[in-house]
Amino acid sequence: MRTLIRAGALTAGASAVLLLASAAHATAPGDNGTVKIHDAKTGEELRRNEPHVCTFYLDAFGFDAVQQVDWHIETWAPTAATKGETVKSGAIVLDSVGHGRTDDLSLPDG
């Protein structure tokens, strides 16, 4: 009976160590979500990226609750006068489950 109690205590101790080890390796609060580009007609439940769109919104998900995600869009086409010039920027305020979106946006052709 004593061996059974020791085995149980050892198992409980090992389980506690494994449980604490996984908690120590969890993602730290902050930049741990994803932002995708969606066509304005695409619902928020779809999480694919749609980078070639005319009217679009930015969808942020998987972040920590109630934080702000700052974003900016830069020129990058080979014909752009200045690569890296910011053409739009803003912030997304996330809800209690770490999700948020911008209003619909558009950019000039090119």
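Values in this text are rule-based calculations from the coordinates and carry no lab data. No experiment lies behind these values; they were computed from the predicted model shown. Cβ coordinates were reconstructed from backbone atoms using ideal geometry, including for glycine residues, and neighbour counts include every protein chain displayed.
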If the chain between Leu107 and Arg47 were fully stretched, how many nm would it gain, using 0.36 nm times the residue separation less the Cα-Cα distance? 19.4 nm
Loop-only check: which GluC sites (Glu not before Pro) in the stretch 38-110 are DSSP coil with at most 12 other Cβ within 10 angstrom? Glu45, Glu85
